[in-house]
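The values are calculated or read from the model by the stated rules, or taken from the named source; none is laboratory data. Computed from a predicted structure; not experimentally measured. With ideal geometry, Cβ positions are generated from the backbone for all residues, glycine too; neighbour counts draw on all protein chains shown. To get the accessible areas, we keep the full protein, side chains included, count just its heavy atoms, and leave off ligands, DNA and RNA. Shrake-Rupley method; radii C 1.70, N 1.55, O 1.52, S 1.80 Å.
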Amino acid sequence: MKTFQTNHLPGRTVRTSEGKEYLWFSGTDYLGMGHDEIFRRFLNEGLDRYGLHFGASRNNSLRLDVYEEAESRLADWIGSPASLLVSSGMWAGQLVMKRIEEIVHADPLVSTICYHYAPKAHPAVWGKDLNISTNPWIDWAKQTIDSISRCHQNMAHVICTDGIGSPMVEAFDFSIFANLPAAGNIWIVVDESHTLGVYKNAGKSIYRSINELGKAHVILVSSLNKALGIPAGVIACEKATYDLLRYNPWFAGASPPSPGYIFALSKLLETDHYTKVQKMLAANIDYFNQELKVHDMFGNVSGYPVFCSQNALLFDHLLSRQIMASCFSYPSPDDSAITRLAISALHQKEDLNRLAEVCNGFIF
């Protein structure tokens, strides 16, 4: 596996420490927030107002309004009754999984809990009785629904899944959960770190589509440090779940994200800037798909900016033509390396033309 160093933040291009420049088609800055001037302006305003960090618990006697303001806007954007900001996406997931039994046992009729972990579920949503399925996602979902349908009513069920397949991209059809039993005490915990701001419903969230099925309590956990560019994480959930997590020692004892960034998040949501930029990203994805002639070479999902190939030679082919993708083993060092291309809202048509030209010329 080849690695490179740089002293500059990648955008449309990246310059390595050796002085070589490449078109940059990698990473998770799908909306290009790392170079967004409106974001920069809001962030500078937030840093001027709130300083560089907030050195106190959010449950302290003195509290900053900006966190609750941003959480209210974020919940409206996601489509959830409430949202809770934490320091990272990983901690968002693990905070939920540490307290999920307390959340579920709020129903006094629950006697036991059964966990159902989707194939390749991210470690953020790993919890008790971890047993990750190796079946295709749709087969796992059907088996899970069948298993839940045959269980007694006093058993609660916690379903843990990602919002989209990774590292090989795969769409998940959550409408299948409409077949869950109506009377069940069921919780779906979904990690949207790679979909929030990018995929479905103008990029806002897939929370709505699962919640509208009416068959389960839905808890979204997500990093905000990918598409949205905010070094923080979020939990979107029902108000009762928010209250339980907000006043839990695991939350009270953790440092909050920087208020300057949270101010920027609130302003970006207030001005609907994320939705505007997501439309630019969607146009880039559509344009690249029109120019690409070798669709069979990639694993891809309609409307999603990531294109993956199990052919490691593609990475070298691109690199030799001044295009840098990524190719590394994930999530463990023993996994096969995946060549991964990521389109962003920053890319111009000439960038996409060049990428399509080089991909079309690859013999696989």
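State the number of residues belonging to the stretch 317-334 that are more than 21 Å from residue 195 (Cβ to Cβ) and either buried (at least 18 other Cβ atoms within 10 Å of the Cβ) or without any contact (Cβ under 8 Å) to a residue 40 or more places away in the chain (or both).
Of the residues in the stretch 317-334, 10 are more than 21 Å from residue 195 (Cβ to Cβ) and either buried (at least 18 other Cβ atoms within 10 Å of the Cβ) or without any contact (Cβ under 8 Å) to a residue 40 or more places away in the chain (or both).
Go through the residues of the stretch 276-288 one by one and say whether even a single one is touching a strand residue (DSSP E or B) at 6+ places or on another chain (Cβ under 9 Å), open to solvent by less than 50 Å² (accessible area, probe 1.4 Å) and modelled with pLDDT of 95 or more.
Among the residues of the stretch 276-288, at least one is touching a strand residue (DSSP E or B) at 6+ places or on another chain (Cβ under 9 Å), open to solvent by less than 50 Å² (accessible area, probe 1.4 Å) and modelled with pLDDT of 95 or more, which makes the answer yes.
Step by step: first the residues of the stretch 281-303, then only those that are part of a helix (DSSP H, G or I), of a type in the set (A, V, I, L, M) and over 20 Å from the mean Cα position of the chain (by Cα), then the one that is nearest to residue 350 (Cα to Cα). Which residue is that?
Among them, the one singled out is 283.
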> Out of the residues in the stretch 1-60 that are assigned to a loop (DSSP other than H, G, I, E, B) and of a type in the set (Val, Ile, Thr), which is farthest from residue 316 (Cα to Cα)?
Replying inline: 28
> Does any residue of the stretch 258-271 turn out to be crowded, with 19+ Cβ neighbours inside 10 Å, touching a residue at least 40 places away in the same chain (Cβ under 8 Å), of a type outside the set (D, E, K, R) and closer than 27 Å to residue 144 by Cβ?
Replying inline: no
> Say we look at the stretch 172-187 and pick out the residues that are at pLDDT 95 or above and of a type in the set (A, V, I, L, M, F, W, C); which of these is most open to solvent (accessible area, probe 1.4 Å)?
Replying inline: 178
> What are the residues in the stretch 231-262 that are assigned to a loop (DSSP other than H, G, I, E, B) and farther than 25 Å from residue 187 by Cβ, if any?
Replying inline: 231, 255, 256, 257, 258
> Take the residues of the stretch 84-126 that are among the polar types (S, T, N, Q) and under 15 Å from the mean Cα position of the chain (by Cα): which is surrounded by the fewest Cβ atoms within 10 Å (Cβ to Cβ)?
Replying inline: 87
> Pairs under 9 Å by beta carbon, first residue open to solvent by 20 Å² or more (accessible area, probe 1.4 Å) in the stretch 296-311, partner of a type in the set (Lys, Arg), six or more apart or different chains?
Replying inline: 303/200
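Here is a check on your reading of the model: is residue 72 under 20 Å from the mean Cα position of the chain (by Cα) and more than 29 Å from residue 284 (Cα to Cα)?
Yes.
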> What is the one condition in (1) over 19 Å from residue 285 (Cβ atoms); (2) at pLDDT below 95; (3) under 19 Å from the mean Cα position of the chain (by Cα) that residue 247 does not satisfy?
Replying inline: (3)
